[in-house]
Structures are given as structure tokens and as C-alpha cells.
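The values are calculated or read from the model by the stated rules, or taken from the named source; none is laboratory data. Bear in mind the structure is a predicted one, so any value in this text is a computation, not a measurement. With ideal geometry, Cβ positions are generated from the backbone for all residues, glycine too; neighbour counts draw on all protein chains shown.
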Amino acid sequence: MGSPRLREIFPRIDAALSRNRLPIVVFDLDSTLFSTAPRNLAILREFVDENASMHPHLADVAERIGLDDMGWNVHEDLRRFGFSEAEVLARLKGFWFERFFRDEYLAHDTPVLGAAAFVHACHARGALIYYLTGRHVGGMEIGTVRSLRENGFPFWRGRCVLHLKPSFEMNDSTFKQEAVLDVRSYQGEVVASFENEPGNANMFLRAFPDALHVLLETIHSPNAEEGSSALVRTADFVLP
């Protein structure tokens with residue numbers, strides 16, 4: 001069940017509109033609106049299918065791994081389940097890297113519980129939906145749009161923005177810091193942001209201190225900074 005504080009966003013949208021301001025709600029995608037666990041698991045299973053004949057133990061271990069076992073790195077997931085052949089794990093890391101950031105693999109992602117309905121509710125209330133993602137132009141934009149539309153998120157309806165990294169090489173944190181300037185260019189009022197990375201959530205808190213900032217307690221990068229105590233925490237978007 002999501003945090004009861006998620007409901008606070010709706011009166012914040014109403015209040016901004018009453019002041020003749022455009023309310024803006026910022027949503028990250030990976031591990032915020034979408035679970036990447038199915039994408040990671042599909043890549044792992046593809047790798048296992050191609051390598052099981054040479055490494056029978058690999059298939060035995062992979063059979064015990066499910067969606068709930070997917071973390072940040074698939075090779076570390078495999079290691080946690082007892083597979084320790086360094087050369088195979090290194091090849092899996094490269095195999096994953098070549099696929100995770102491609103349009104066609106985004107089809108495996110599934111929405112976090114309640115996400116589409118919640119975003120729709122914000123949009124219907126009058127908010128501009130600002131999808132801000134570290135996915136990059138030139139490899140992930142088509143799959144991202146398709147994924148949003150096929151999973152029921154508002155997109156081709158006005159008051160929706162999709163902001164992707166201009167290049168794969170750009171650092172995600174730097175990109176989101178620069179994106180703050182773009183958000184401000186709309187001259188609206190940021191009422192809320194949603195992130196799975198504590199560092200990015202802290203950054204939005206500093207940039208827009210009067211908004212409600214929500215940290216999705218899904219997965220985040222290794223060695224992430226500590227999230228501020230001012231952040232609202234939730235596992236999903238289900239309204240209690």
C-alpha cells in the first residue's frame with residue numbers, strides 16, 4: 001500500500017491552479033513508474049539459454065532466480081545465488097550492457113503497482129506530467145513512448161513532456177541537474193517529484209523546497225547517498 005501522503009498532491013495541484021499557476025509533477029521512469037526486474041530477468045534468461053550447454057551449473061542456479069530477486073546488477077544477482085565463475089559473470093555483464101539500453105527490451109518492463117492510475121489522476125486534475133528519465137535519445141525513445149502508451153500512462157493528450165538524455169554517454173546525475181533548468185522554463189509550480197535514486201530526490205528537494213518529493217523504495221544504484229528525512233517514502237502508487 002502506498003503512502004497516505006500521496007493524496008496530498010491533489011490539493012497541491014488544485015492550489016497551484018487557483019493561483020493561476022501551472023502545476024508540474026515530475027516522474028522518473030526506471031524503478032519509479034516501471035519495474036525493470038522483468039527486463040533484467042529476460043536478459044539473464046537469454047544469456048543462460050546461450051551458455052547453459054557450456055556451463056550446466058549456470059542453468060541450475062538461474063532456475064532459482066525470479067523477479068523478486070532482481071537487483072541493480074544481474075551478474076551480482078547470479079553471484080548471490082552461488083554462481084562464482086568470474087569469466088562467465090564478466091561476459092554476462094557485457095551481454096546485459098548491450099541489451100538493457102535498447103528499445104526492444106523496454107517491452108519487458110511492467111508498471112509499479114498503481115502507477116498508471118496515479119499519473120492519470122494527476123493529469124486529470126490539471127497537472128503537467130513531466131517524465132524525466134535517464135533513458136537516452138538514439139536508442140530508447142521509441143520503446144519508451146510505446147511502453148508509456150501500452151501501459152496506460154497519459155502521453156498524447158497535452159500537458160505531457162518526455163525528457164530523455166541527449167546522449168547515452170551523459171552522466172545521469174548531471175543530466176537531471178541540468179533538467180531542473182528545463183522544468184523551471186515552464187514557469188509553472190512543481191508540486192511533486194518521484195524518484196528511486198535518493199541523490200536525485202535530494203536534488204529535487206533542494207531545487208523545489210516547497211514541493212512534495214517522493215522516494216520510491218524499489219531499487220537504486222550501489223553506494224547511493226542517504227535520502228533526506230524530508231522525503232516521502234513509498235513502495236508503490238496505490239492510494240490508501
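General remarks:
- Each residue in segment 15-35 was checked for being loosely packed, with under 14 Cβ neighbours inside 10 Å and either among the β-branched types (V, I, T) or in a helix (DSSP H, G or I) (or both), and 2 pass.
- Subset of segment 144-198 [basic (K, R) and out of contact with any His (no Cβ under 8 Å at 6 or more places or on another chain)]: R146, R149, K176, R184
- Filtering segment 40-52 to residues that are of a type outside the set (D, E) and at pLDDT 80 or above leaves N40, L41, A42, I43, L44, R45, F47, V48, N51.
- Single unsatisfied condition, Q187 versus (1) in contact (Cβ under 8 Å) with a residue 60 or more places away in the chain; (2) buried (at least 16 other Cβ atoms within 10 Å of the Cβ); (3) not in a strand (DSSP E or B): (2)
- Verdict on R99 being farther than 28 Å from F47 by Cα and surrounded by fewer than 18 Cβ atoms within 10 Å (Cβ to Cβ): no
- For segment 36-51, residues that are surrounded by fewer than 18 Cβ atoms within 10 Å (Cβ to Cβ) and over 25 Å from T144 (Cβ atoms) total 3.
- Any hit, segment 214-227, residues being outside any loop (DSSP other than H, G, I, E, B), more than 17 Å from the chain's Cα centre (by Cα) and surrounded by 17 or more Cβ atoms within 10 Å (Cβ to Cβ): no
- The set of residues from segment 152-169 being out of contact with any strand residue (DSSP E or B) (no Cβ under 6 Å at 6 or more places or on another chain), surrounded by 15 or more Cβ atoms within 10 Å (Cβ to Cβ) and either of a type in the set (D, E) or free of Cβ contacts under 8 Å to residues at least 40 places away in the same chain (or both) comprises just one member, F155.
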